[in-house]
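Visitor: Submitted below is the structure of interest, expressed as structure tokens.
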Amino acid sequence: MTERRTSLIVLAAGMGSRMASDLPKVLHPVGGLPLLAHALESGKALSPEVVVVVTGHGAAEVAAAAQAHCPGAEIVHQAEQRGTAHAVAQAKDALAGFEGDAIVLYGDTPFISPDTLCAMADARAAGADLVNLGFIAADPGRYGRLIVVDGRLDRIVEFKDATEDERRTTLCNSGVVMAPASLLFDLISQVSDDNAAGEFYLTDIVGLANARGLHCAAVTCDEAETLGINTRAELARAEAVFQTRRRSEMMAAGVTLIAPETVFFAADTVIGRDTVIEPNVIFGPGVWIDGQVRIRAFSHLEGARVGRGASVGPYARLRPGAELAEQSHIGNFVEVKNAQIGQGAKANHLTYIGDATVGPGSNIGAGTITCNYDGVMKHRTTIGARAFVGSNTLLVAPVSVGDDALTAAGSVIVTDVPNGALAVARAKQAIKPGLAIRLRDRLRALKSAQKGN
Ligand code: UD1
Ligand code: MG
């Protein structure tokens, strides 16, 4: 790979009207990550020194997302969308004096691979002044066409402006282009809007470069990489492409997926070797799972960490801040939020653990609930090591249960339970000998008297 300095320009000004959405198109997620972040992520393959994001529609939201994913990204604004060359031109000041290459990516095109970008950098290193990314389209439709003459990229013609002959070529333009930044802006300054769409086409820089005797090269990639998202249907297709790829990567890395097509990952999901994921599991963003874990069917996880040998589900929900230590068990219909579950601790059935710490080796009985919210504020529950929380215990936070302590089933715990203590907080049981039979006899008599009336 080349050692040349690079900068990245990501176009993200478009409205995306066909999404029919209040959310700017580039912020729609694939694998839980905005499309724009995918584009920024692929650009990282070239270790850009400067990243410029061109915003337009929904600029404030897009800028915030860009900076969240890529701190230090420069944001420039394209007030009016007058074409792709006009969009790139907005980055000129941000890159003034930058001596190195610029690569143009698109906020709505999430799958350009690191290998492809490296191949473009290699073509630059091999002597091309300008490198344009193309692909052989199964259905070339309305894509711009790359016209290659004697092995060199001669020009790009937009579909609207192409002749019948030019339209027959299947080598299409992805829009991704790489050139020295100064050359890029110089060429763009010569672009006019004298074309069928009345727009400043970035694609015109290829013809302009050739007219100067410069060398333009076309690098090709798989069509799947250039998938751009314009509609919800394309968003769904992109999600499918992403999931298929992540499932393969997970399996290749030693994760068992019993029914891969039913498991959905986020872009940042990390899972260790020999972990088994049963069918119908969904990973939201921010999940880290160690090796030898079992995630049972129909579980939903986001923002959670799961330690080695732990078991989760079936039908479990891990919400942000859930941290499960090694060998812990979170069973069916258990929800854990912002809580640390200690090594070997168990909450196997029908429980809510929120804003809590559960010490190692503790057992949380079925139906236990940490009452963490008083309608205004959140409060913590602290459970020590080896504690036994009886079934259907309500822990009214802030409250603690000490090491080796025990709460009786059905208790409502409102004050701290010391280490080793037993807390019973429920009405005393009374026994009335024979009363059940007498009561039933009386009710039956009443019923037959009513029928007689
Ligand atoms: C562009 C290419 C075409 C290529 C196709 C690939 C040009 C002139 N044409 O066409 O050769 O086959 O992409 O999908 O470049 N954008 C801005 N500001 C603007 C205009 C566009 O930010 O003023 C952004 C859009 O939001 C979009 C991208 O640039 O993300 C491409 O623009 P679009 O209008 O979709 O170009 P196409 O007509 O598809
Ligand atoms: Mg387009």
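Visitor: For Gly313, enumerate residues with amide H under 5 Å from its amide H, sequence gap 5+ or separate chain, H modeled in the peptide plane.
Guide: So Gly313 has HN proximity to Arg296, Ile330, Gly331.
Visitor: Under the rule of at least 5 residues apart or a separate chain, name every residue whose amide H is placed under 5 Å from the amide H of Val176.
Guide: Amide H neighbours of Val176, under 5 Å, 5+ apart: Leu133.
Visitor: Follow-up. If packing is taken as the mean number of other Cβ atoms within 10 Å per residue, what is the order of 218-229, 371-382, highest first?
Guide: Values: 218-229: 19.6, 371-382: 14.2.
Result, highest mean first: 218-229, 371-382.
Visitor: Continuing with this model, one more query. Going by average Cβ neighbours within 10 Å, how do the peptides 203-212, 174-183 rank, with the highest at the top?
Guide: Numbers: 203-212: 20.5, 174-183: 22.7.
Most protected by this proxy first, the peptides run 174-183, 203-212.
Visitor: Given the Cα-Cα distance of Lys432 and Ile136 and 0.36 nm per residue of separation, how much length would full extension add, in nm?
Guide: Here the answer is 98.0 nm.
Visitor: Same structure again: Please work out the Cα convex hull volume for the stretch 6-226 and give it in Å³ per residue.
Guide: Numbers: hull volume 26.8 nm³, N = 221.
That works out to 121 Å³ per residue.
Visitor: A follow-up question, please. Under the Karplus relation 6.51 cos²θ - 1.76 cosθ + 1.60, θ = phi - 60°, what is the ordered set of whole-Hz ³J(HN,Hα) values for the stretch 315-331, x standing for Gly and Pro?
Guide: Listing the rounded values in order: 6, 9, 10, 10, 9, x, x, 6, 10, 9, 6, 3, 6, 7, 10, 10, x Hz.
Visitor: Could I ask something else about it? In nm, to one decimal, how far is the Ala425 label point from the Arg4 one, both placed 7 Å along Cα→Cβ?
Guide: The answer from the label model is 6.9 nm.
Visitor: Find, among the GluC sites (Glu not before Pro) in the stretch 61-112, those assigned to loop by DSSP (not H, G, I, E, B) with at most 16 other beta-carbon atoms within 10 angstrom. Provide the component values of the computation, followed by the final result.
Guide: Numbers: sites: Glu61, Glu74, Glu80, Glu99; in loops: Glu80, Glu99.
Filter output for the stretch 61-112: Glu80, Glu99.
Visitor: Can you tell me the mean projection area, over all orientations, of the convex hull of the stretch 178-295's alpha carbons? Units nm², please. Write out the running numbers ahead of the final one.
Guide: Numbers: hull surface 44.2 nm².
Hull-based average projected area comes out at 11.0 nm².
Visitor: Using the charge dipole of the chain (Lys, Arg: +1 at Cβ; Asp, Glu: -1 at Cβ; taken about the Cα centre), state which of Ala63, Val219, Thr415 has its Cα farthest towards the positive end.
Guide: Result: Thr415.
Visitor: Regarding the chain, what are the three Cα extents along the principal axes, ordered largest first, in Å?
Guide: 106, 61, 41
Visitor: Then there's this: With +1 on each Lys and Arg Cβ and -1 on each Asp and Glu Cβ, and nothing else charged, work out how big the dipole of the stretch 6-226 is about its Cα centre, in Debye to the nearest 20. Please report the intermediate quantities before stating the final value.
Guide: Working: 14 positive and 29 negative charges, 25 e Å.
The calculated dipole for the stretch 6-226 is roughly 120 debye.
Visitor: What distance in nm separates the simple spin-label points at Leu439 and Ala68, each placed 7 Å from Cα in the Cβ direction?
Guide: Placing both labels 7 Å beyond Cα along the Cβ direction yields 5.6 nm.
Visitor: Shifting gears a bit: Would you mind calculating the gained length between Arg152 and Ala236 on full extension (0.36 nm times residue separation, minus the Cα-Cα distance), in nm to one decimal? Mind dumping the intermediate values first?
Guide: Numbers: separation 84, 0.36 × 84 = 30.24 nm, distance 3.63 nm.
Extending this stretch completely gives an extra 26.6 nm.
Visitor: Let me spell out the model: positive unit charges on the Cβ of Lys and Arg, negative unit charges on the Cβ of Asp and Glu, origin at the Cα centre of the chain. What dipole size does that give, in debye rounded to 20? Spell out each step's value before the answer.
Guide: Working: 42 positive and 48 negative charges, 755 e Å.
Taking the Cα centre of the chain as origin, the dipole is about 3620 debye.
Visitor: Report the charge-dipole magnitude of the stretch 61-141 in Debye, nearest 20, computed about the Cα centre from +1 at each Lys and Arg Cβ and -1 at each Asp and Glu Cβ. Could you put the intermediate results ahead of the total?
Guide: Numbers: 3 positive and 11 negative charges, 17 e Å.
Roughly 80 debye for the stretch 61-141.
Visitor: In whole Å, what is the distance between the alpha-carbon centres of the stretch 31-85 and the stretch 390-428?
Guide: 52
Visitor: Tabulate in residue order the Karplus-calculated ³J(HN,Hα) for the stretch 137-146, using 6.51 cos²θ - 1.76 cosθ + 1.60 with θ = phi - 60°, rounded to whole Hz; enter x for Gly and Pro.
Guide: 3J(HN,Hα) across the stretch 137-146, in whole Hz: 8, 4, 10, x, x, 9, 5, x, 10, 8.
Visitor: While we're here: Kindly rank 412-419, 332-339 from highest to lowest mean number of other beta carbons found within 10 Å of each residue. Mind dumping the intermediate values first?
Guide: Numbers: 412-419: 16.2, 332-339: 21.2.
Ranked by mean Cβ neighbours within 10 Å, highest first: 332-339, 412-419.
Visitor: Here is a follow-up. Determine the distance separating the Cα centre of the stretch 217-278 from the Cα centre of the stretch 142-203; give it in Å without decimals.
Guide: After rounding, the separation between the Cα centres reads 31 Å.
Visitor: How much of the accessible area of the chain, probe 1.4 Å, is carbon plus sulfur, in whole percent?
Guide: Values: 11070 of 20990 Å².
After summing per-atom areas, the C and S share lands at 53 percent.
Visitor: Which of Pro24, Ser174, Ala162 sits closest to the plus end of the dipole of the chain, meaning its Cα is farthest towards the positive end, when Lys and Arg get +1 and Asp and Glu get -1 on the C-beta?
Guide: The residue sitting most towards the positive pole is Pro24.
Visitor: Full-extension gain between His215 and Asp194, please, as 0.36 nm times their residue separation minus the C-alpha to C-alpha distance. Don't skip to the end; give the middle numbers.
Guide: Details: separation 21, 0.36 × 21 = 7.56 nm, distance 2.43 nm.
Additional length available on full extension: 5.1 nm.
Visitor: Have a look at Met251, Asn363, Tyr315 and report the one farthest towards the positive end of the charge dipole of the chain, computed about the Cα centre with Cβ charges (Lys/Arg +1, Asp/Glu -1).
Guide: It is Asn363.
Visitor: Tell me which residues come under 5 Å, amide H to amide H, from Ala322 once H is placed; ignore anything under 5 positions away on its chain.
Guide: Distant-sequence amide H within range of Ala322: Arg305, Asn338, Ala339.
The values are calculated or read from the model by the stated rules, or taken from the named source; none is laboratory data. None of these values were measured; they are calculated from a predicted model. Don't worry about glycine lacking a Cβ; one is built from the backbone with ideal geometry, like all the others, and counts go over all protein chains shown. Heavy atoms of the whole protein, side chains included, go into the accessibility calculation; ligands, DNA and RNA do not. Shrake-Rupley method; radii C 1.70, N 1.55, O 1.52, S 1.80 Å.
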